[in-house]
Amino acid sequence: MKEKEIIRRLIMNPRASYVELAKDLNISPETVRQKILGMLNKGILKIYCVPDTKHFGVRRLTFILSAPLVNKAEIIDKLKEMPFVLELRSGLLSNTIIMDAITNDADRDTPKILETFNEMGLEVKEVCEAEHVHFDPMKILQE
């Protein structure tokens with residue numbers, strides 16, 4: 001499957017040209033172009049621009065939270081309303097919530113955010129700058 005090989009190489013080098021990918025995969029640049037466009041059209045690939053938030057004077061933080069399963073959906077709805085929340089992720093049967101937030105003064109805002117979590121009955125497992133949270137996209141391609 002050339003699509004998976006193209007994705008693997010794009011994960012390793014998102015700026016690789018059609019010619020570079022074609023050479024690595026022993027196929028024509030036009031074939032690479034067609035496969036990438038096809039995956040974009042099907043929603044298999046997405047193109048994102050991820051700015052370095054520090055450049056703009058803000059920090060992106062990731063909070064790993066533990067919520068009671070009984071009212072997790074209600075808690076997630078409350079979190080969605082908070083102005084600093086960028087993204088929330090949670091599994092159906094897990095009590096873990098991963099929340100990305102943005103702040104222009106982490107030293108001032110983080111204690112307030114943590115206090116809010118405490119009031120909501122959330123346990124904070126970890127807080128870190130988002131750039132230090134690693135996800136290995138290769139795992140999804142090993143199936």
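Below, the figures for the structure above:
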| item | result |
| --- | --- |
| Quarter of Cα convex hull surface for the chain, i.e. mean projection, nm² | 10.8 nm² |
| Cβ-placed point charges (K, R +1; D, E -1), dipole of segment 1-128 about Cα centre in debye, nearest 20 | 720 debye |
| Rough spin-label spacing in nm, given labels placed 7 Å along Cα→Cβ, for residue 4 and residue 71 | 4.5 nm |
| In Hz, Karplus ³J(HN,Hα) per residue of segment 22-38 (6.51, -1.76, 1.60; θ = phi - 60°; x = Gly, Pro) | 4, 4, 4, 9, 6, 9, 7, x, 5, 5, 4, 4, 5, 5, 5, 4, x |
| Phi-based couplings in Hz for segment 108-117 (Karplus 6.51, -1.76, 1.60; Gly and Pro marked x) | 7, 7, 4, x, 5, 5, 4, 5, 4, 4 |
| Degrees between helix 2-12 axis and first principal axis of the chain (Cα, 0 to 90, nearest 10) | 60 degrees |
| Integer Hz, Karplus 6.51/-1.76/1.60 couplings in order for segment 56-63, x for Gly and Pro | 9, x, 10, 10, 9, 10, 10, 10 |
| Helical mean residue ellipticity (222 nm; -39500 (n - 2.57) per DSSP H run of 4+; nearest 500) of the chain | -12500 deg cm²/dmol |
| Under 5 Å, built H, 5+ apart or other chain: amide partners of residue 86 | 100, 101, 102 |
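Each reported figure results from applying straightforward, stated rules to the coordinates on display, with no laboratory input. All of these numbers come straight from a predicted model, not from anything done at the bench. Cβ: placed from backbone, ideal geometry, glycine included. Neighbour counts: every protein chain shown.
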